[in-house]
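Below is one structure, written out as structure tokens; the observations come after it.
The values are calculated or read from the model by the stated rules, or taken from the named source; none is laboratory data. Worth saying up front: this structure is predicted, and the values here are computed from it rather than measured. All Cβ positions, even for glycine, are placed from backbone atoms using ideal geometry, and neighbour counts span all protein chains on display.
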Amino acid sequence: MQGRVPEDLAVVVDAGGVIMVWSAGARRLLGHEPAETVGRPVTDLLTTDLPASTRRHVAEGRPWSGEVALRHRDGNRVVVRLRGTPLRDAEGRRLWLVTGTVPARPRAAPRPLPLWDLTLAQLPVPVAVYDRDARLVGANDIMTEVMGRSEEEMKGLTLWEIEPNPPFDTYDRLQREVLRTGEMIFHEEHDKAPGEVRPHAWSMFLSPLKDETGTVQGVSATVFDTTEQSWARRRLAVINEASLRIGSTLDVTRTAEEMAEVAVTAGFADFVTVDLLESVARGDEPGPLPPDTPVMLRRSAQRSVLEGCPESVVAPGGAIRYPVGTLPLRILAAERGARHRPGDPDLLEWLESSPARAETVSRYLIHSVMMVPLRARGVILGMVHFLRHRTPDAFSEDDLLLAEDIVARAAVSVDNARRFTRERRTALALQRSLLPERLPELAAMDIAYRYLPTGSGADIGGDWFDVIPLSGTRVALVVGDVVGHGIHASATMGRLRTAVRTLADVDLAPDELLTQLDDLVIRLDREEGPEVRGTEETPGQVGATCLYAVYDPVSRRCTLARAGHPPPALVTPDGGVRFLDLPAGPPLGLGGLPFEASEIQLEENSLLALYTDGLLEAPGHDIEAGAALLRQALSGPAGALEERCEQVLRTLLTGRPADDVVLMLARTAVLDAGQVRTWHLPPDPAAVARARKMAGEQLAEWGLTEAEFATELIVSELVTNALRYGGAPIELRLIRDATLICEVSDGSSTAPHLRRARVFDEGGRGLLLVAQLAERWGSRQTATGKTIWAEQPLPTGV
């Protein structure tokens, strides 16, 4: 701010820099009363250091003049041109009389001046002339003001002798270059002149002065203040920088940080904060601002020219409350930006409402503030604050327009990021809802898993896994990957997972289950048009891969089949690691090609690792390198499954995955021989009574006499059904685990059907009776026929 200095301004300062006298003019200019200033150091009133030439003259005890930036009582900066005159008190100590008036120079008697001399003296730009030794010959009034010295003080001196500080060494060198070559030099500089407190952009023309023979006799320096043009170029650069850098990601917080970084690094503001509405920070849809209600925002980003943002009174992520009637809330309601100085009543009221905020403004000499609403698509998203304390110029109306342009560009990117965050969160919630929330407790194996959605900007994928308890304490492990990304892939994944569970309940063999699943994928692809898939792909190009394994803890046999899925890795109890050599099988959705199952015998405490291709194809390595890393991670010392999962992910993933990743580790267990009892029965009706007797004795041995009656009825009905409708070989098996399981196998592949017998029917009630007595029952096909099974809960207290 350039103030008009009262003519009677006068301040007396002693040699130690303490104010002794404070005039009425000084009070009118700066607002401080004499009682507030007399006895205080004069440095308390300075907002920046004195110009270099002024400091040198003060140290030498010589008169000085120049621009000085002072602090008004209301916190504003006042830049005035002052003159200091040295005095002596009665004891000979030095005093300084600082006045706001410039005494008129004694002038010689008027004499006619040539028009050229008048032109040179009255040019509105600084001009100086130097001789062949680069020593000053003359300078106009504007140049003396810029240099902070009179023409008499500078005459006969070189630029380096006048001001022995950079960049005057450069100017001196350039002048001598012009004198040597006779060629004009154009030079641009951005710096403070010795007689000023604010930096300027200067354009200098150093031109040779030649006589009629062409001999260089001197050099002229013409200087133009191009600060405004420089600021205009900087503003355009800021807009260009904002267009390139803001919105590089679909992350709300990162987009806010980019906006703050652009404004500060481009030199537009010294401190910038971005505060978003609570709903926007969460990624939710913002609503209209409620009238007469405080608004809560959250600090999403801040940036400062000072290390660590010491000006901030709210940490990133912290909450900010705009009470009703305060300046920020009025600006949000008006949906227009505004600029203020600390002395403005509205801003002063806002600052005084927070002692920490007011203290920060005073400590860091914040002298100009802009508040600009962050608004996109007609909805307020938050508020951006621009502050200046190191840049001496206050924000102008052009700066406000530029800030509104930057914020408008950023607001669209913030809103896009918010929408993406919301949609991705919805899709991710959908996908997670389709995956198991918790794993069942199993006697057959211990299981740990990790599911990592993609960390890139792409939509989530269709990877899934499942653990399905089967009859006879067996367990099915499933890992699959739907082709594509997004909501459609997640929905398809959910349908396939439901289908696998349904087919698993039928107890199909792995290869038969994949065949049925393949038919389902083909039907789904035919039923869905491009408008459902969101693509112009033709049918047959959408599919999935899948691995299905069934483990029996009684026999320790594991049957596996895969449909284009990566093979599982097996870790034996002695630490050996190998990938199982399973028939690859075609991906689901191709149709017409068979699936093959393989059966392996597993030792107790073997470890199966099932995964999707996103684990092996992580950024930084191909699938072969990924397989080698997985082998390395699994070959480490055995430990808890959760720790092993983390070890695998640390080894294979150096950052967020580029595709969804599923990892499932299963450590096998074996049922104790005392928990299983098997009998082979002859195809003789008398075997029914014998089977009941043997079952009863076994229950008594297990201490399950309370279940004896129901179990004997179930055994009787199932064995009778096998004798009547099945054939040899007939086998009865009892398994005691978390439940009591009764299984009867026979050589017929005919599946039983539950039906209700009519009043006069002699049969047809057996399976109905079994269904009433058992908690669950069913049948499954075997290599030699079928098995009918029934489960009962163990008696209370067992």
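Residues are listed down the side, and each one gets a yes or a no for (1) surrounded by fewer than 20 Cβ atoms within 10 Å (Cβ to Cβ); (2) at negative phi; (3) among the aliphatic types (A, V, I, L, M); (4) modelled with pLDDT of 85 or more:
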{"residue": "Val197", "(1), (2), (3), (4)": "no, yes, yes, no"}
{"residue": "Leu209", "(1), (2), (3), (4)": "yes, yes, yes, yes"}
{"residue": "Ser220", "(1), (2), (3), (4)": "yes, yes, no, yes"}
{"residue": "Thr226", "(1), (2), (3), (4)": "yes, yes, no, no"}
{"residue": "Gln229", "(1), (2), (3), (4)": "yes, yes, no, no"}
{"residue": "Thr255", "(1), (2), (3), (4)": "no, yes, no, yes"}
{"residue": "Ala266", "(1), (2), (3), (4)": "yes, yes, yes, no"}
{"residue": "Phe271", "(1), (2), (3), (4)": "no, yes, no, yes"}
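Here is a list: Thr473, Thr538, Thr545, Thr492. Which entry is among the β-branched types (Val, Ile, Thr), crowded, with 22+ Cβ neighbours inside 10 Å and at pLDDT below 85?
Numbers: Thr473 fails: at pLDDT below 85; Thr538 fails: crowded, with 22+ Cβ neighbours inside 10 Å; Thr545 fails: at pLDDT below 85.
The unique qualifying residue is Thr492.
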Step by step: first the residues of the range 495-535, then only those that are outside any helix (DSSP H, G or I) and more than 15 Å from Ala561 (Cβ to Cβ), then the one that is modelled with the highest pLDDT. Which residue is that?
Val506
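Looking at Arg375, is it basic (Lys, Arg) and part of a helix (DSSP H, G or I)?
Working: basic (Lys, Arg): yes; part of a helix (DSSP H, G or I): no.
Considered against the rule, which asks whether it is basic (Lys, Arg) and part of a helix (DSSP H, G or I), Arg375 comes out as no.
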Testing Leu45 on (1) out of contact with any His (no Cβ under 8 Å at 6 or more places or on another chain); (2) at pLDDT 85 or above, one condition comes back false. Which one is that?
(1)
For residues that are under 23 Å from Met493 (Cβ atoms) and without any contact (Cβ under 8 Å) to a residue 24 or more places away in the chain, scanning just the range 565-585, find the one that is farthest from the chain's Cα centre (by Cα).
Leu582
For the range 281-302, enumerate the residues that are under 16 Å from the mean Cα position of the chain (by Cα) and in a strand (DSSP E or B).
Arg298, Arg299, Ser300, Ala301, Gln302
Name the single residue that is nearest to Thr227 (Cα to Cα) among those in the range 119-143 being touching a residue at least 60 places away in the same chain (Cβ under 8 Å) and part of a strand (DSSP E or B).
Val127
Condition first: farther than 20 Å from Ala609 by Cβ, in the same structural domain as Asp552 (by TED's automatic domain parsing) and among the acidic types (Asp, Glu). Can you find one or more residues in the range 495-506 that meet it?
yes
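Taking the range 358-372, which residues are part of a helix (DSSP H, G or I) and farther than 16 Å from Val272 by Cβ?
Of everything in the range 358-372, those that are part of a helix (DSSP H, G or I) and farther than 16 Å from Val272 by Cβ turn out to be Ala358, Glu359, Ser362, Arg363.
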Within the range 473-489, the count of residues that are under 23 Å from Ala609 (Cα atoms) and assigned to a helix (DSSP H, G or I) comes to 1
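Considering only the range 326-343, state which residues are out of contact with any helix residue (DSSP H, G or I) (no Cβ under 9 Å at 6 or more places or on another chain) and outside any helix (DSSP H, G or I).
To start, the set of residues in the range 326-343 that are out of contact with any helix residue (DSSP H, G or I) (no Cβ under 9 Å at 6 or more places or on another chain) comprises 329, 331-335, 343.
Those that are out of contact with any helix residue (DSSP H, G or I) (no Cβ under 9 Å at 6 or more places or on another chain) and outside any helix (DSSP H, G or I): Glu335, Gly343.
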Does the range 288-343 hold any residues that are over 25 Å from His72 (Cα atoms) and either outside the structural domain of Leu400 (by TED's automatic domain parsing) or basic (Lys, Arg) (or both), and which are they?
Arg298, Arg299, Arg303, Arg321, Arg330, Arg336
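Among residues belonging to the range 1-24 that are small (Gly, Ala, Ser) and in contact with a strand residue (DSSP E or B) (Cβ under 6 Å, 6 or more places away or on another chain), point out the one that is modelled with the lowest pLDDT.
First pass over the range 1-24, keeping only residues small (Gly, Ala, Ser): 3, 10, 15-17, 23-24.
Checking the rest, the ones that are also in contact with a strand residue (DSSP E or B) (Cβ under 6 Å, 6 or more places away or on another chain) come to 3, 10, 15, 17, 23.
Details: Gly3: 42, Ala10: 85, Ala15: 83, Gly17: 87, Ser23: 87.
Looking at residues that are small (Gly, Ala, Ser) and in contact with a strand residue (DSSP E or B) (Cβ under 6 Å, 6 or more places away or on another chain), I get Gly3.
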Would you tally the residues in the range 329-367 being closer than 21 Å to Thr48 by Cα and among the aromatic types (Phe, Trp, Tyr)?
1
Checking the condition among the small types (Gly, Ala, Ser), over 23 Å from Arg282 (Cβ atoms) and touching a residue at least 40 places away in the same chain (Cβ under 8 Å), which residue from Gly343, Gly325, Gly382 passes?
Gly343
Considering only residues of the range 318-362 that are over 20 Å from Pro288 (Cβ atoms) and β-branched (Val, Ile, Thr), which is surrounded by the fewest Cβ atoms within 10 Å (Cβ to Cβ)?
Thr360
Hey, Asp393 in a loop (DSSP other than H, G, I, E, B) and either in the same structural domain as Thr273 (by TED's automatic domain parsing) or in contact (Cβ under 8 Å) with a residue 40 or more places away in the chain (or both) or not:
yes
